[in-house]
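Below is one structure, written out as structure tokens; comments come after it.
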Amino acid sequence: MTLLRITATRTALRVPFIGTKTTTVTPVSLSARCYSGHPIKVTHYESGWTADGVDDSIKGIEKYCTQTFNKISQVGLSVFPKDLYDVIPRDEAHGRPAHALMLRSHKLQEDQVDPSVRAIARCGAGTNNIPVARMTELGIPVFNTPGANANAVKELVLCGLFLGSRRVIDGINHMKDLGKQGLARERVEKDKALFGGREIKGKRLAVIGLGHIGAATARDAHSLGMDLVGYDPGLSVKSAMKLPRNMDLADSISSAVANADYISLNIPYIKGTPEEGGTHGIIGHAVLRHMKSDAVILNFARGELVDSVAMKEFLDKGGEGRYISDFPDDVLWNHENVVIIPHLGASTGEAEDSAAAMAAETLRLYLEHGTIRHSVNFPDTSLQEKDSNHIRITVVNKNKPGVLSAITDVFAKHGLNIVQQINHSRGEIAYNVIDIEPAAGDSHDFRELQKELTMHDGILSSRIMGGVAGNGYARNIDGTYYA
Ligand SMILES: NC(=O)c1ccc[n+]([C@@H]2O[C@H](COP(=O)([O-])OP(=O)(O)OC[C@H]3O[C@@H](n4cnc5c(N)ncnc54)[C@H](O)[C@@H]3O)[C@@H](O)[C@H]2O)c1
Ligand SMILES: O=C(O)[C@H](O)COP(=O)(O)O
């Protein structure tokens, strides 16, 4: 743990040796925090992740450790400066504690989240592979990368539109069969009648979910001459302004899909049925019965949104309906009116670079400055760094009465003046960024301050920032102090 006792003057912070190890760090390794260019001495409190014991495995680590699940773009990972971050694949970490986790579609288990993990970043949009509700209980922000891969997905949705209107895949497979038999030239003109299609111009597209992907799909479909209807009960003003001007907006999924020739699903997967507030199986019998028998359903959002059995019944009715999906499906995979793609929506170099870079920048902002943006469970929070000798402390607490005043009381008790602070809440959680500026000549016991702060009943964790990277974090796990 960092910063046990600090003796401050107006021009420099001097930290006397108290713990087992002393390091002198310069402002460069302080990740651009502002200590007016004066080197400060930081003492570690190396207790490891037990209340009192010392864990040798974390001694001497003076960088943030970001661990990756899935293959993450090197362009994105290069956002982490090498002097401040070690970035290692999880299966090469050999028990080294992580400060941040980065992943794509890996299904994260709670036991893969070390007690040292301060943040998790999903390089992509959907966070249903992360136990977000549990991370919120543990006070760990989960980030994603809104819009970073939207263009890639939109392009594959457009590809799906064309695949759904022309029997291109069946035709390609047929030509392979004929080629094998040496009959291609002889049969092509006769057999092409088997694979006739229709045009998308003038057809009606229903876009369910008008966020980054849905809005971009609507814009391009408009340029292709399609007639548009959308449904999104949470439509943001920003997204609404990006929609084609003559797009109809429906007040339910059922009314959006009625009369639509194509339906594009672009909504998040949320556990639970629609009746329970989730989106599991949202495209089931109740919605499918409103669809035209030749409707083409494009699912580049999540497989679980569609009730596969209900979809099979719809496709089996003998109409020309089709289902194009980016996700495996045990029921529909070999249906003649189904096209299954192996989750390729975001698999372009551009999208992988952009999502990884955004995730890395977001993690850096949080780890180095305490800033929160693009989080799916924490409130947006940003407090501009003051150009002075301040020390920044962040606190994650339960959003309930009395905790904020308890936090400020601890600072007052330690004779520390808060020069600026911000407190934002979201649902069950609240987050504070607090800057203090010890008066000239004062001596403060930061180890005790952090323990008192963190062990308050309503507090989940705290960080004293600006010391050695990776240190300065303490958690209150069910009344036990981990630092
Ligand atoms: N195939 C892929 O590789 C791939 C890539 C990126 C995203 N996705 C999926 O697509 C989803 C959307 O991505 P995005 O970047 O557009 O996200 P986004 O957050 O920008 O947009 C999602 C929109 O859906 C709306 N919405 C939520 N629930 C709804 C409901 N029940 N009915 C109608 N609208 C609803 C929201 O209000 C929001 O506007 C992601 O959650 C993810 O599951 C898939
Ligand atoms: O939600 C997403 O962003 C997509 O499903 C992409 O997932 P991937 O990064 O595993 O391709």
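Worth a mention:
- Top-ranked residue in the range 250-259 [being under 13 Å from Ile208 (Cα atoms) and over 28 Å from the mean Cα position of the chain (by Cα); ranked as farthest from ligand 1 (Cβ to nearest atom)]: Ala258
- Any hit, the range 161-174, residues being of a type in the set (Lys, Arg), in the same structural domain as Gly214 (by TED's automatic domain parsing) and away from ligand 2 (no atom under 16 Å from the Cβ): yes
- Test for Leu210: is it part of a loop (DSSP other than H, G, I, E, B), in contact with a helix residue (DSSP H, G or I) (Cβ under 7 Å, 6 or more places away or on another chain) and more than 22 Å from Glu320 (Cβ to Cβ): yes
- Annotation note: Cβ proximity below 6 Å between a residue of the range 204-221 that is farther than 12 Å from Leu265 by Cβ and a residue that is of a type in the set (D, E, K, R) and crowded, with 24+ Cβ neighbours inside 10 Å (sequence gap 6+ or interchain) occurs for Ala216/Lys154.
- Scanning the range 110-131 finds no residues that are free of Cβ contacts under 8 Å to residues at least 60 places away in the same chain and of a type in the set (Lys, Arg).
- Checked against the criterion of being farther than 18 Å from Leu138 by Cβ and of a type in the set (S, T, N, Q), the candidates Ser425, Ser443, Ser461 yield just one match: Ser443.
- Note on the range 242-273: residues that are of a type in the set (Asp, Glu) and either within 16 Å of ligand 2 (Cβ to nearest atom) or in a loop (DSSP other than H, G, I, E, B) (or both) amount to 2.
- Test: residue in the range 459-468 that is among the basic types (Lys, Arg), closer than 19 Å to Leu367 by Cα and either out of contact with any Ser or Thr (no Cβ under 7 Å at 6 or more places or on another chain) or in contact (Cβ under 8 Å) with a residue 60 or more places away in the chain (or both): yes
- Among the criteria (1) assigned to a helix (DSSP H, G or I); (2) outside the structural domain of Pro268 (by TED's automatic domain parsing), the one Thr127 does not fulfil is (1).
- For the range 180-198, the count of residues that are within 16 Å of ligand 1 (Cβ to nearest atom), more than 29 Å from Ala355 (Cβ to Cβ) and either surrounded by 18 or more Cβ atoms within 10 Å (Cβ to Cβ) or in contact (Cβ under 8 Å) with a residue 12 or more places away in the chain (or both) is zero.
- With respect to (1) part of a helix (DSSP H, G or I); (2) more than 24 Å from the chain's Cα centre (by Cα), the lone exception for Leu205 is condition (1).
- The range 426-446: number of residues that are surrounded by fewer than 18 Cβ atoms within 10 Å (Cβ to Cβ), touching a strand residue (DSSP E or B) at 6+ places or on another chain (Cβ under 8 Å) and small (Gly, Ala, Ser): 4
- Residue satisfying all of: in the range 84-102; within 19 Å of the chain's Cα centre (by Cα) and modelled with pLDDT under 95; nearest to Ser461 (Cα to Cα) among these: His99
This table checks each residue for (1) under 26 Å from the mean Cα position of the chain (by Cα); (2) outside the structural domain of Asn266 (by TED's automatic domain parsing); (3) within 16 Å of ligand 2 (Cβ to nearest atom); (4) buried (at least 19 other Cβ atoms within 10 Å of the Cβ).
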position	(1), (2), (3), (4)
Lys317	no, no, no, no
Ser354	yes, yes, yes, yes
Ala357	yes, yes, yes, yes
Glu361	yes, yes, no, no
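- The requirement of being in contact (Cβ under 8 Å) with a residue 24 or more places away in the chain, crowded, with 18+ Cβ neighbours inside 10 Å and among the polar types (S, T, N, Q) is fulfilled nowhere in the range 241-262; no residue meets it.
- Pairs meeting the criteria (first residue in the range 353-370 and under 12 Å from Phe80 (Cβ atoms), second residue part of a helix (DSSP H, G or I), beta carbons under 6 Å, at least 6 apart or on different chains) are Ala356/Gly76; Ala357/Gly76; Ala360/Gly76.
- Residues of the range 274-288 satisfying the condition of being loosely packed, with under 13 Cβ neighbours inside 10 Å and either of a type in the set (A, V, I, L, M, F, W, C) or part of a loop (DSSP other than H, G, I, E, B) (or both): Gly277
- Checked against (1) within 28 Å of His374 (Cα to Cα); (2) out of contact with any Pro (no Cβ under 9 Å at 6 or more places or on another chain); (3) among the aliphatic types (A, V, I, L, M), Ala218 passes all but condition (2).
- All positions within the range 447-462 that are under 17 Å from Pro115 (Cα atoms), buried (at least 24 other Cβ atoms within 10 Å of the Cβ) and not polar (S, T, N, Q): Ile459
- Residue within the range 82-100 that is within 16 Å of ligand 1 (Cβ to nearest atom) and free of Cβ contacts under 8 Å to residues at least 40 places away in the same chain present: no
- Residue count for the range 133-151, restricted to those that are more than 13 Å from ligand 2 (Cβ to nearest atom), crowded, with 17+ Cβ neighbours inside 10 Å and part of a helix (DSSP H, G or I): 2.
- Single condition Asp307 does not satisfy, out of (1) surrounded by fewer than 18 Cβ atoms within 10 Å (Cβ to Cβ); (2) more than 19 Å from Ala215 (Cβ to Cβ): (1)
The values are calculated or read from the model by the stated rules, or taken from the named source; none is laboratory data. All values derive from a computational prediction rather than experimental measurement. Heads up, the Cβs are rebuilt from the backbone with ideal geometry, glycines too, and the neighbour counts pull from every protein chain shown.
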